[in-house]
Amino acid sequence: MQSLNIGDLKVKLPIVQGGMGVAVSLSELASAVANEGGIGVISAAGIGMTEPGYMKKFHEANKRALRKEIRKARNKTSGVLGVNIMMALTDHEELIRISIEEKIDIIFIGAGLPLKIPTILAEAGLNGHHTKLVPKISSAKAANLIFRYWANKFNFVPDAVVVEGPMAGGHLGFKKENLEDNRVPLHKLVEETVAVIRPFENTFGKAIPVIAGGGLQTGKDIYDIMQAGAKGVKIATRFVTTHECDASLEYKESYLAAGRKDIVIIDSPVGLPGRVVKNKFVQQIMNGETKPFKCPWKCLSSCNYKEAPYCIAQALFNSAKGNMDEGFAFAGANAYMATEINHVSDVVADLVAGYKREFILRQSSALRPVKAQAHRYIAV
């Protein structure tokens with residue numbers, strides 16, 4: 001398993017731990033993954049809900065909590081750390097600035113097109129920073145749009161790109177009808193994105209790695225997707241059922257109790273489909289029940305809180321803290337495969353070992369016909 005190079009940033013293992021909010025991947029999980037040689041990622045979504053008094057000054061709580069979690073993670077690791085920030089967050093600009101001020105290694109930017117991020121950073125006087133900027137996209141078309149815009153307007157391009165397929169957990173950038181049977185295979189998305197990125201690599205004279213995510217569960221999965229051209233992988237679901245994951249034990253146990261049919265797609269209040277572990281709360285909202293609430297801060301720009309049947313940020317925070325009756329767990333399509341809670345080191349070791357086994361198996365299979373042919377030649 002080769003290392004992942006993002007510009008001058010060298011990552012021992014090409015494994016990115018997916019950012020999971022609300023309060024699922026914070027400093028504890030991120031630092032543990034970074035210590036194993038991967039990229040540990042803190043989710044900025046609703047991060048201020050972990051702070052006292054967040055209801056009155058939510059955006060201030062977000063900024064305070066993000067700084068705190070980055071610094072806590074830094075105190076626990078010298079490895080590579082990232083922050084996952086959604087463009088849909090109403091305070092995403094402030095969170096991006098704070099991440100750069102705190103000298104985070106990488107910012108993963110998803111849930112929207114980050115076309116004007118370079119302008120925002122320039123206006124904030126943050127030119128010359130060393131933080132890598134990595135958009136998350138769900139199609140080669142979106143990648144092409146972002147790269148072309150940055151190239152034309154700012155004369156540089158993102159440092160890498162994450163392409164996330166329809167088997168991922170949480171909010172998804174696909175139509176609902178494309179989610180149930182994996183109609184958009186991840187390997188195809190990777191191949192298309194690699195092809196789109198190649199001209200920009202040539203123009204700017206640098207390697208731009210494509211990182212693949214969505215439904216990857218095993219070392220074999222990693223090997224297979226790298227054969228399609230990915231240089232790294234983003235894995236979230238496998239890291240939920242670890243001791244170091246910042247979510248509650250009840251959240252993790254919902255994975256362990258789930259069967260294949262318990263991983264379902266719901267309509268999120270923010271206008272996107274989402275993949276979750278079905279429970280009592282999920283069944284209620286699928287039945288059309290509502291959970292009245294007041295929204296003092298509108299955390300997501302796409303949320304019509306006046307008509308939303310429930311507050312998704314509060315539901316996710318409830319579950320992260322163990323109140324599963326008032327929330328639910330986001331999960332990838334293969335979350336039902338979890339059977340026990342392990343340490344992050346065990347998960348990483350299993351992924352690496354599985355990759356090596358598949359590599360050896362493929363190499364052996366490729367050599368067999370050659371040996372047989374040589375034997376026949378000698379016999380003649």
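The values are calculated or read from the model by the stated rules, or taken from the named source; none is laboratory data. Predicted model, so just to flag it, every value in this text is computed and none were measured. Cβ sites come from the backbone with ideal geometry, for glycine too, and all protein chains shown count toward neighbours. When the accessible area is computed, the model is the full protein with side chains, heavy atoms only, and any ligands, DNA or RNA have been set aside. Shrake-Rupley method; radii C 1.70, N 1.55, O 1.52, S 1.80 Å.
Remarks
- Candidates PRO114, PRO118: the one that is under 26 Å from LEU172 (Cα atoms), in a loop (DSSP other than H, G, I, E, B) and more than 15 Å from the chain's Cα centre (by Cα) is PRO114.
- With respect to the stated conditions, ALA207 is in contact with a strand residue (DSSP E or B) (Cβ under 9 Å, 6 or more places away or on another chain), open to solvent by 20 Å² or more (accessible area, probe 1.4 Å) and at pLDDT 95 or above.
- Residue check, SER31 touching a residue at least 40 places away in the same chain (Cβ under 8 Å) and of a type in the set (S, T, N, Q): yes
- Residues located in the stretch 321-347, provided they are within 16 Å of the chain's Cα centre (by Cα) and either hydroxyl-bearing (Ser, Thr, Tyr) or open to solvent by 10 Å² or more (accessible area, probe 1.4 Å) (or both): PHE330, ALA333, ASN334
- Considering the conditions (1) surrounded by fewer than 18 Cβ atoms within 10 Å (Cβ to Cβ); (2) farther than 22 Å from ILE85 by Cβ; (3) modelled with pLDDT under 95, LYS153 is excluded by exactly one of them, (2).
- Each residue in the stretch 45-81 was checked for being modelled with pLDDT under 95, buried (at least 21 other Cβ atoms within 10 Å of the Cβ) and not in a helix (DSSP H, G or I), and 3 pass.
- Restricting VAL190, VAL162 to residues that are under 17 Å from the mean Cα position of the chain (by Cα) and either in a helix (DSSP H, G or I) or acidic (Asp, Glu) (or both) narrows the list to VAL190.
- From the options ALA151, ALA160, ALA142, ALA124, residue that is touching a strand residue (DSSP E or B) at 6+ places or on another chain (Cβ under 9 Å), farther than 27 Å from GLY271 by Cα and small (Gly, Ala, Ser): ALA160
- Identity of the residue in the stretch 1-44, among the polar types (S, T, N, Q) and in a strand (DSSP E or B), that ends up surrounded by the fewest Cβ atoms within 10 Å (Cβ to Cβ): ASN5
- Pairs linking a residue in the stretch 299-326 that is at positive phi to a residue that is open to solvent by 20 Å² or more (accessible area, probe 1.4 Å) and at pLDDT 85 or above, with Cβ atoms under 9 Å and 6 or more positions apart or on different chains, are GLY322/LEU249; GLY322/GLU250.
- Counting the residues of the stretch 86-111 that are small (Gly, Ala, Ser) and assigned to a loop (DSSP other than H, G, I, E, B) gives 2.
- Looking across the stretch 124-149, the residues that are over 28 Å from LYS175 (Cβ atoms), open to solvent by 20 Å² or more (accessible area, probe 1.4 Å) and in a loop (DSSP other than H, G, I, E, B) come down to ALA124, GLY125, LEU126, ASN127, GLY128, HIS129, HIS130.
- Single residue of the stretch 257-295 satisfying the filter (open to solvent by less than 60 Å² (accessible area, probe 1.4 Å) and part of a helix (DSSP H, G or I)) that is nearest to ALA236 (Cα to Cα): ASP262
- Check on ALA212, open to solvent by less than 60 Å² (accessible area, probe 1.4 Å), under 24 Å from GLN363 (Cβ atoms) and in contact with a His (Cβ under 7 Å, 6 or more places away or on another chain): no
- Of the listed requirements (1) assigned to a helix (DSSP H, G or I); (2) open to solvent by 30 Å² or more (accessible area, probe 1.4 Å), ILE222 misses just one: (2).
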